[in-house]
Amino acid sequence: MKEYVQLTRSFEVVTPPNSSRNSPSFLDKVFTTLDKAIIKFLDPPLHPSVDPCYTLTDNFAPVDELSPTECEVIYGSLPRCLDGVYIHNGPNPQFIPNGPQHYLDGDGMAHCVRISRGRASFCSRYVKTNKYLFENQAGSFIVPNVIGGMKGFGPFVARVALFYARVMLGQYDIGKGIGVANTNLAFFGGRLYALCESDLPYELRVKENGDIITVGQHDFKGKLSMNMTAHPKVDPDTKEAFAFRYWATYPYITYFRFDESGKKQTDVPIFSMKGPSLTHDLAITQKYAIICDIQLGAHPMNLIYTGSLLSVDKAKVPRIGVLPRYAGDESEIKWFDAPGFNVFHAVNAWDETDEHGNEVVVLVAPNISPVERFFDRVDLIQASMEKVTIHIGTGVVSRQTMSNDNMEFPVINPAYIAKKNRYVYGAICERTPIQSRMMRAIGVAKIDITASRGNNTVASRIYGDKWFGGESFFVSRDPVYSSLEEDDGYLVSYVHDESSGESRFLVMDARSPDLDVVAAVKLPQRVPYGLHGVFIKEKDLA
């Protein structure tokens, strides 16, 4: 609790140039009073998963924006092939409410390491979403939290009513969205996007000095409506991006793609999805898009029946949908039952034929269990990496566990997306985590998914006592110096020392048996653990 108070007192929002905050009007004071009344009289006692005094402490607490600042390489040297930027996204609330706040509700902040000729600079900037700009101008928290605020029917209805009163009185333009752009970053069609599945993408631009500029919300010339997944898949050969959006009402999932130039193609509603599914990710092969229908769903009626927007249908059998990736409608989709298979992040998928020449699709993904604990007791989750083989003709689905480690945030060499790959790099989740916080990684492991043994981990690195991280990203070595085998490259990641408060940018040799650190950069400020990131090489920044 003491740490939380210290952090929130020192946290200051950077006001954009030429903006000014007006003194609270009488109407603002009325809304503030009503909001406090909801917290005092309607909110139940806060569960640790939505109590900001707990969820937003230590390295989950927000940090200030930081202009591009040169960094010290304190160990080794930065490989020349890393010229470019590593940019990582995550929740970083501009204002911390007195009421419920889940960690995933925070405003998006991008943390960027710019590397050039062995030197590094670091920058942290908010994604300037519609929500961020309105609240920054008002100087207070306005938009209800999507996850934390949806606990209990009464408080939820009261918050929505209060928010829509603001909308009706012209205090907030809801037509511009309420998303936080805090989940992932994707580069396709020559543009970089900050993504969150509750809103449209926000285009970002990285300047030559490493600063991050929010260009604005992007609806692809009016062809993208409402929202899209935070995990589009980009084919490294065709440069197309494949995506979807899910919604709480019918049709629950709509699939679409973008061509090489970033032009959005026609929507393909998936009407055979019979109920809402919190489908977070997809995979692609050369022929198909793979969509998972899991037991966790979000439906407005859940608030009445269970007091939470999210619910788990334990009677539902999870399914894997296989849809031709250039389908004009869903008529050719095939669904395959996969009992107990609940996926948040898909690693990869590819096409094969069996010994008889029959068509097979292989999917690799960590299976989350128990899925109902993802948003409130992450410490109870076990994520087991599985290889799922789907026989298209017979409908037979076989599954094989790839690792006994509890691993999430999986990545591969991006050049192997939609093609058969051998190696997966996953974040090793802490074995005795702190109750109800989001995942922290104690290290990273390399899995050989072609091996037949029970535990396919072939290399790993533990960061050290009190050192934690999150997702890593794979960057291929420069072809001038390498034969470019699949694992010939580096893993890059942010790590943090909970004892000293120091954060570092690590570069690890992906081919070495211990994932040896070849370079470490001391960062000028703390970097929260965050969620997902991407590396963009110098030639693509232009």
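The values are calculated or read from the model by the stated rules, or taken from the named source; none is laboratory data. These numbers were taken from a predicted model, which means no experiment stands behind them. Don't worry about glycine lacking a Cβ; one is built from the backbone with ideal geometry, like all the others, and counts go over all protein chains shown. Each accessible area value is taken on the protein alone, full model and side chains, heavy atoms only, with ligands, DNA and RNA left out. Shrake-Rupley method; radii C 1.70, N 1.55, O 1.52, S 1.80 Å.
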If Rh is defined by the Kirkwood formula over all Cα pairs and Rg also comes from Cα, what ratio Rg/Rh do you get for the stretch 415-530?
0.99
Accessible-area value, THR183, 1.4 Å probe, nucleic acids and ligands omitted, Å²
20
In whole Å, what are the Cα extents of the stretch 488-538 along the three principal axes, biggest one first?
32, 25, 19
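What's the Cα-based Rg to Rh of the chain, Rh via Kirkwood?
Result for the chain is an Rg/Rh of 0.94.
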Positive-pole candidate from VAL396, ASN406, ALA37, dipole of the chain, charges at beta carbon
ALA37
Using helices alone, I'd like the mean residue ellipticity at 222 nm for the chain: each DSSP H run of four-plus residues gives -39500 (n - 2.57), total over residue count, nearest 500.
-3000 deg cm²/dmol
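Of the heavy-atom accessible surface of the chain (probe 1.4 angstrom), what whole percent is carbon and sulfur?
Carbon-and-sulfur percentage of accessible area, whole number: 52.
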Between the alpha carbon centres of the stretch 521-542 and the stretch 328-370 the gap in Å comes to 31
Quick calc: nm separation of the 7 Å Cα→Cβ label points for VAL396 and LYS223 -> 4.2
Distance between modelled label sites at TYR164 and ASP354, nm, 7 Å Cα→Cβ extension:
5.3
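Rg(Cα) of the stretch 144-185 divided by 2.2 N^0.38 Å? List each step's numbers first, then the result.
Working: Rg = 12.0 Å, N = 42, 2.2 N^0.38 = 9.1 Å.
Taking N as the residue count of the stretch 144-185, the ratio is 1.31.
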So for the stretch 258-343, taking the charge dipole from beta-carbon charges (+1 Lys/Arg, -1 Asp/Glu), which of ALA338, CYS292, GLY275 sits furthest toward the positive end?
ALA338
Efficiency of FRET between LYS207 and SER25 - r from beta-carbon atoms, R0 35 angstrom, step 0.05
0.40
Could you tell me which residue out of PHE153, PRO201, SER67 lies farthest along the dipole of the chain toward its positive end? Charges go on the beta carbon: Lys and Arg +1, Asp and Glu -1, centred on the Cα centre.
PHE153
Project the alpha carbons of the stretch 128-248 onto their principal axes and report the range along each, largest first, in whole Å.
51, 35, 25
Under the 0.36 nm per residue contour assumption, what length would be gained going from the current alpha-carbon distance of ILE174 and LEU541 to full extension?
128.9 nm
Which of the residue pairs LYS131/LYS176; LYS128/LYS233; LYS387/LYS420; LYS223/LYS334; LYS176/LYS221; LYS128/LYS522 have a Cα-Cα distance greater than 19 Å in the structure shown?
LYS128/LYS233; LYS223/LYS334; LYS128/LYS522
In debye to the nearest 20, the charge dipole size for the stretch 122-207, taken about the Cα centre with +1 at each Lys and Arg Cβ and -1 at each Asp and Glu Cβ, equals 200
Could you give the size of the charge dipole of the stretch 464-542 about its Cα centre, using +1 on the Cβ of each K and R and -1 on the Cβ of each D and E, expressed in debye and rounded to the nearest 20?
360
Residue list for the stretch 116-130, given a label point 7 angstrom along the Cα-to-Cβ vector of ASP64 and an amide N cut-off under 17 Å
122-126
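In percent, what relative contact order does the chain have, based on Cα pairs under 8 Å that are 6 or more apart in sequence? Numbers along the way, then the final one.
Values: 1358 pairs, mean separation 70.2, N = 542.
The value is 13 percent.
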Ignoring ligands, DNA and RNA, how do MET301, MET407 rank by accessible area with a 1.4 Å probe, largest first?
MET301, MET407
Of the trypsin sites (Lys or Arg not before Pro) in the stretch 284-347, those whose Cβ has at most 12 other Cβ within 10 Å and which sit in DSSP loop
LYS314
Run through every distinct alpha carbon pair of the stretch 343-485 and return the Kirkwood hydrodynamic radius in angstroms, one decimal place.
16.3
Taking a virtual spin label 7 Å from the Cα of GLU498 along the C-beta vector, which residues in the stretch 62-81 bring their backbone nitrogen under 19 Å of it?
62-63
Per residue, what accessible area does the stretch 185-259 have, given a 1.4 Å probe and all protein chains present, in Å²?
38
Take every Cα pair under 8 Å in the stretch 135-239 that's 6+ residues apart, average their separations, divide by the length, and report that relative contact order as a whole percent.
17
Treat every Asp and Glu Cβ in the stretch 366-450 as -1 and every Lys and Arg Cβ as +1, leave all other atoms uncharged, and give the resulting dipole magnitude about the Cα centre to the nearest 20 debye.
260
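Going through the stretch 163-223, which trypsin sites (Lys or Arg not before Pro) have at most 10 other Cβ atoms within 10 Å and a DSSP loop state?
Those that pass, being in a loop and sparsely packed, are LYS221.
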If you rank SER116, SER476 by how much accessible surface each has, with a 1.4 Å probe, what is the order from largest down?
SER116, SER476
Taking the simple approach of a point 7 Å from Cα along Cα-to-Cβ for both ILE39 and THR249, what is their distance in nm?
3.2
